[in-house]
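The values are calculated or read from the model by the stated rules, or taken from the named source; none is laboratory data. Computed from a predicted model, the values in this text were never measured in an experiment. Keep in mind that these areas ignore ligands, DNA and RNA; they rest on the heavy atoms of the full protein, side chains included. Shrake-Rupley method; radii C 1.70, N 1.55, O 1.52, S 1.80 Å.
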Amino acid sequence: MLMDQWLALLLTWAIEIPLLLRFNRRQPQPRSWRYAACIGLLASGVTHPFAWRAMLVFAESPWQALAWIETAVVLVEAALYRLLLFRSAGEGLRAVWASLACNGASTLAGIFLSFAFWSFRII
């Protein structure tokens, strides 16, 4: 395995939380940055262990599994963002976009790092 679960979670937080903070600042009634950061920690902290385990279970077809698992993660985190962070009327779409942007960025970074480490045999 190229990356362990805790390193992947730290990478996820390092990428997703700044993006979520940016989405938070741009909403009509932004929450405090501390509150938004805690919601980001919570959302990824809840979904990441399940996504990690699911990738191990469905390792035979990793790209198909990645697509389904990340879709589920985006939907769950969007629901958490909508319930806890983007609470103004009409903010549901912002929650979906925030989740999609955050998870897309962290997933692409993870894929890139996995291939880079694999290519150079760093890990």
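Using a 1.4 angstrom probe on the protein heavy atoms only, line up Cys38, Cys102 by accessible area, largest first.
Details: Cys38 80, Cys102 0 Å².
The most accessible residue leads, giving Cys38, Cys102.
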Notebook entry, point to check: What does the accessible area per residue of the chain come to in Å², with a 1.4 Å probe and no ligands, DNA or RNA counted?
Noted result: 62
Note to self: In whole Å, what are the extents of the chain along the principal axes defined by its C-alpha atoms, from largest to smallest?
What the structure shows: 46, 24, 18
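Quick check on region 55-113: what are the equivalent-ellipsoid semi-axes from the Cα gyration tensor, as sqrt(5λ), descending, whole Å?
Values: eigenvalues 135, 28, 11 Å².
Its equivalent ellipsoid spans semi-axes of 26, 12, 7 Å.
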Check: How much length is gained on full extension from Tyr35 to Ala54, taking 0.36 nm per residue of separation minus their Cα-Cα distance?
Finding: 3.9 nm
Note to self: What is the distance in Å between the Cα centroid of region 89-104 and that of region 6-68?
What the structure shows: 12
Notebook entry, point to check: So what's the angle, to the nearest 10 degrees on a 0 to 90 scale, between helix 92-120 and the longest Cα principal axis of the chain?
Noted result: 20
Next item on the list: For region 42-92, with all protein chains present and a 1.4 Å probe, just round the carbon and sulfur fraction of the accessible area to a whole percent.
Entry: 73
Check: Could you give me the ³J(HN,Hα) list for region 66-72, computed from phi with Karplus coefficients 6.51, -1.76, 1.60 and θ = phi - 60°, whole Hz, x at Gly and Pro?
Finding: 4, 4, 5, 5, 5, 4, 5
